[in-house]
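Derivation of every value follows stated rules applied to the coordinates shown; laboratory data play no part. The shown structure was predicted, so the numbers you read here are calculated from the model rather than taken from an experiment. With ideal geometry, Cβ positions are generated from the backbone for all residues, glycine too; neighbour counts draw on all protein chains shown.
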Amino acid sequence: MNAAPQAVAATAGFDVERLRADFPILQQEINGKPLVYLDNGASTQKPQAVIDAVSNFYAHDYANIHRGVHTLSERATAAYEGARDRVQRFLNAADRREIIFTSGTTEAINLVAQSFGGQKIGQGDEIILTGMEHHSNIVPWQLLAERVGATIKVVPITDDGALDLDAYTSLFGPRTRLVSLVHVSNALGTVNPVQAMVETAHAHDVPVLLDGAQAVAHTPVDVQALGCDFYAFSGHKIYGPSGIGVLYGRRELLEAMPPWQGGGDMITTVAFEGSTYAAPPYRFEAGTPHIAGVVGLAAALDYVDAVGLPSIAAYEHDLLDYATTAVGELPGLRLIGTAPEKAAILSFVFDGIHPHDIGTVLDFEGIAIRAGHHCAMPVMTRFGVAATARASFGIYNTRAEVDTLVQGLGKVREMFS
Ligand code: PLP
């Protein structure tokens, strides 16, 4: 299988073997076979630079942040606030105060649902979601809708796994208060035309939250160019630590939003008669945060930017094309999600074999994939399956690993035929 000349040109200079050497976890065997890690959609592995940043921080600079008068607290605060600047640059946000640290995408969406939603969305109002949302971009809105009496409207998915954009446009009405939409689907791999979808929403004066959990590690994200009002992502999906994530919010919106969790660090004054709240981002960062996680996240963004997101995107796109052709040649394999614009995710069902059995047999071969509903049950329902097997690729995956996956799937079929 030869890559198109254009793809070769786009990926030339991307030294995957050098990158692989940065990830100590990849240098091992599982069940006597070299590890082939294809579960990057669930979580990515960490380069030594991230491991070292977290470990050095704990070894030399750790203390609680803000208000400390001693040297370690000052160092830790500088590292934490420096990471905020780092994220601002990464997303090209206009202002560092637009960057809020959360525990992940899930918490970021819950923050918006409870704070912005609790204030702006009421009885009879409408929230637009899409049929391909992760549960973390469905359930927070359902909790809000049940509480205030709002309604959720859903953009349908086409047969190839794209969004029906005509249907999207027709869902707007006078009571639409928010669109919350996934940038890249974790279950289908679809890359949604979010910039155009934001423009449509803004034409109706409706703000948009983008769930970037599966996007940030695979494509450059510029929140100002996208025009979105909120953008959420998780550190662990971009080669950083788990338990840390980011909510970007446009400053005017954040300024007007009430706190959602109360505690230390989010106040200006506290008295039993009443308290006053800090300005964003601190208003939304109650309690001691995951300080070392923030440090690790900054190191991960440094790492990814040093490799370069445009070349990562080109490399992974080439790998996706190669893998799509290779697995597509297996009789009995049906890809779920074949939209024209896709990130490096292959979701499939195979010969009636249960995806969990596929995952288990592949694990004997040292291959890590994910099997299940991928926290996107409505997508499974839409395509009439209970679960899929999913191979999701990252910067360290290779064509040789795709070949190993295809051989592994051959063994799966032998075992179950
Ligand atoms: N949104 C999407 C599209 C995801 O893929 C995920 C995780 O798989 C999430 C949200 C939730 O991310 P986290 O569990 O890191 O909060």
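Rounded to the nearest 5, what is the percent of antiparallel bridges among the DSSP beta bridges in the stretch 174-319?
60 percent
Among Ser417, Ser347, which comes first, second and so on when ranked by fewest other beta-carbon atoms within 10 Å?
Listing Ser417, Ser347 from fewest to most nearby Cβ atoms yields Ser417, Ser347.
For a quick protection proxy, order the peptides 127-135, 329-337, 388-396 by their average other-Cβ count within 10 Å, most packed first.
My ranking of the peptides, most packed first, is 388-396, 127-135, 329-337.
Quick one: which of 164-172, 225-233 comes out on top by average Cβ neighbours within 10 Å, and what's the full order, highest first?
Top to bottom by mean Cβ count within 10 Å: 225-233, 164-172.
List, in order, the whole-Hz ³J(HN,Hα) value for each residue of the stretch 117-128 obtained from phi through the Karplus relation with A = 6.51, B = -1.76, C = 1.60 and θ = phi - 60°; use x for Gly and Pro.
Result, rounded to whole Hz: x, x, 8, 9, 10, x, 3, x, 7, 10, 10, 9.
To make sure I understand, if each residue's beta carbon is the centre and we count other beta carbons within 10 Å, what order do Lys46, Lys411 fall in, fewest to most?
By the 10 Å Cβ count, ascending, the order reads Lys411, Lys46.
Just how far, in whole angstrom, is the stretch 106-126 from the stretch 222-272 if you go by their alpha carbon centroids?
14 Å
Can you compute the FRET efficiency between Val385 and Ser417 using 1/(1 + (r/R0)^6), with r the Cβ-Cβ distance and R0 = 25 Å? Round to the nearest 0.05.
The calculated FRET efficiency here is 0.80.
Helix 139-148 sits at what angle to the longest principal axis of the chain, using alpha carbons and giving 0 to 90 degrees rounded to 10?
40 degrees
DSSP loop (so not H, G, I, E, B), at most 11 other Cβ within 10 Å: list which trypsin sites (Lys or Arg not before Pro) in the stretch 6-91 pass both filters.
Qualifying residues, ordered by number: Arg67.
Please list, short to long, the whole-number percent of alpha-carbon pairs of the chain in consecutive 10 angstrom bins beginning at zero.
Taking every Cα pair in the chain, the percentages come to 5, 21, 30, 25, 14, 4, 1, 0.
Could you give the length gained by full extension between Arg334 and Gln28, i.e. 0.36 nm per residue of separation minus their alpha carbon distance, to one decimal place?
Full extension from Arg334 to Gln28 adds 107.0 nm.
Under 20 Å between C-alpha atoms is the cut-off here; go through the chain and count lysine pairs that meet it, provided they're at least eight residues apart or on different chains.
Count of close lysine pairs: 4.
Report the charge-dipole magnitude of the chain in Debye, nearest 20, computed about the Cα centre from +1 at each Lys and Arg Cβ and -1 at each Asp and Glu Cβ.
Dipole about the Cα centre, nearest 20: 500 debye.
Between Thr151 and Thr288, what is the label-point separation in nm under the 7 Å Cα-to-beta-carbon projection?
4.8 nm
Using only Cα atoms, locate the centre of the stretch 335-391 and the centre of the stretch 45-104, then give the distance between them in Å, rounded to an integer.
For the stretch 335-391 versus the stretch 45-104, the Cα centre distance is 36 Å.
Pop a pseudo-label 7 angstrom from the Cα along the beta-carbon direction at both Val270 and Glu199 and give the gap in nm to one decimal.
4.8 nm
For the chain, find the longest principal axis of its Cα atoms and tell me its angle to the long axis of helix 399-416, 0 to 90°, nearest 10.
Approximately 70 degrees, to the nearest ten.
Can you compute the modelled spin-label distance between Gln261 and Gln123, with each label point 7 Å from Cα toward Cβ, in nm?
3.2 nm
Given a Förster distance of 25 angstrom, what is the FRET efficiency for Asp363 paired with Ala400, based on the Cβ-Cβ distance and rounded to 0.05?
Calculated transfer efficiency: 0.85.
On a 0 to 90° scale, report how tilted helix 194-203 is relative to the longest principal axis of the chain, with both axes built from alpha carbons and the result rounded to the nearest 10.
Computed tilt is about 40 degrees.
Assuming a ≥ b ≥ c are the square roots of the Cα gyration tensor eigenvalues, decide whether the stretch 29-143 counts as rounded (a/c under 1.5), prolate (otherwise, with a/b larger than b/c) or oblate.
Verdict is oblate for the stretch 29-143.
Have a look at the DSSP beta bridges in the chain and tell me what percent are antiparallel, nearest 5.
Within the chain, antiparallel bridges account for around 60 percent of the total.
If I take R0 = 22 Å and measure r between the Cβ atoms of Met377 and Asn92 in this structure, what FRET efficiency does the formula 1/(1 + (r/R0)^6) give, to the nearest 0.05?
0.05
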